[in-house]
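One structure is given here, and the rest of the page talks about it.
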């Protein structure tokens, strides 16, 4: 694979399959958890999960991001065994029913990451950004898989307890620079960066990150953003509950697209996909 910045941001080769990013894409969220902030408990069984994954693919998702442990503020950790029991049957079932879809696993546990790669996922989505286990780089190198490095500060139980930064943008840049030094050469440009909206950030931090998102493009890696239904959206909308944050989410993510986002991680796939269609039509001045 070529090593130019253009190539790194336009396509990724994941386990032998080409993920095109010449146009922004949608990553659909599939939480196999009882306690996620938006959809906890809805897709616990493999049958429910596969049906929802199929719906998201039909609605325009290119990647399905599977999570077996909630990372919402205040969430309690789960054991390796419990997380494996939640996600592996779902991964295997989706691979059987929708073999062409790209899958990612949202985990910080080495054992879960390895077993998920064996079961067929293409991407490790590490919300700790290698802070919990830098062996994720070894796994991605061995399996020729992708790695999402997300910036976060603190643990889910405490991360929203008055997070402080001297300069939130510079701190995220420094974090990305350090972690890319550890990983990007070995992973042959299969790294995706996520600034981590809502993970150890106040509303003000999140808005500044959104306003200056384009500044992270100079790393030459695709940018993933995920503000779907998050607290900052509710704050903007006069404390709207989770169920009333769809339009705000689409508007927030659309602004992210104009500042270089390549992957939109969303609960509501069809609206996200349609917003990308509108973005592309305006950008290219063609339908």
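The values are calculated or read from the model by the stated rules, or taken from the named source; none is laboratory data. Keep in mind the model is a prediction, meaning the values are calculated, not measured. Positions of Cβ are generated from backbone atoms using ideal geometry, with glycine treated the same way; all protein chains shown enter the neighbour counts.
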Unique match (being surrounded by fewer than 19 Cβ atoms within 10 Å (Cβ to Cβ) and at positive phi) among 162, 118: 162
Enumeration of residues in region 61-95 that are assigned to a helix (DSSP H, G or I) and over 30 Å from residue 277 (Cβ atoms): 80, 81, 82, 83, 84, 85, 86, 87, 88, 89, 92
Region 95-111 - residue that is touching a helix residue (DSSP H, G or I) at 6+ places or on another chain (Cβ under 6 Å) and surrounded by 24 or more Cβ atoms within 10 Å (Cβ to Cβ) and, of those, farthest from residue 63 (Cα to Cα): 107
Count - residues of region 220-239 that are surrounded by fewer than 19 Cβ atoms within 10 Å (Cβ to Cβ), at pLDDT 95 or above and in contact with a helix residue (DSSP H, G or I) (Cβ under 9 Å, 6 or more places away or on another chain): 4
Criterion: modelled with pLDDT under 95 and either in contact with a strand residue (DSSP E or B) (Cβ under 8 Å, 6 or more places away or on another chain) or within 21 Å of residue 20 (Cβ to Cβ) (or both) - qualifying residue of 287, 213: 287
Check on residue 87, closer than 27 Å to residue 201 by Cβ, modelled with pLDDT of 90 or more and touching a helix residue (DSSP H, G or I) at 6+ places or on another chain (Cβ under 9 Å): yes
Leading residue by the ranking (farthest from the chain's Cα centre (by Cα)) among those in region 1-58 that are modelled with pLDDT under 95, part of a loop (DSSP other than H, G, I, E, B) and surrounded by 18 or more Cβ atoms within 10 Å (Cβ to Cβ): 43
Any hit, region 166-175, residues being modelled with pLDDT under 95 and either within 26 Å of residue 264 (Cβ to Cβ) or under 14 Å from the mean Cα position of the chain (by Cα) (or both): no
Selection from region 111-146 of residues that are under 16 Å from residue 198 (Cβ atoms) and either free of Cβ contacts under 8 Å to residues at least 12 places away in the same chain or outside any strand (DSSP E or B) (or both): 127, 128, 129
Of the criteria (1) over 23 Å from residue 11 (Cβ atoms); (2) part of a helix (DSSP H, G or I), which one residue 217 fails: (1)
Filter result (farther than 21 Å from residue 150 by Cα and touching a residue at least 40 places away in the same chain (Cβ under 8 Å)) within region 65-91: 86, 89, 90
Within region 165-190, considering residues that are free of Cβ contacts under 8 Å to residues at least 24 places away in the same chain and part of a helix (DSSP H, G or I), the one surrounded by the most Cβ atoms within 10 Å (Cβ to Cβ): 171
Number of the exception - residue 74 against (1) modelled with pLDDT under 95; (2) at negative phi: (2)
Residue list for region 147-164, restricted to those being under 19 Å from residue 68 (Cβ atoms) and either in a helix (DSSP H, G or I) or within 15 Å of the chain's Cα centre (by Cα) (or both): 147, 148, 150, 152
Those residues of region 176-204 which are at positive phi and under 18 Å from the mean Cα position of the chain (by Cα), in sequence order: 189, 196, 198, 200
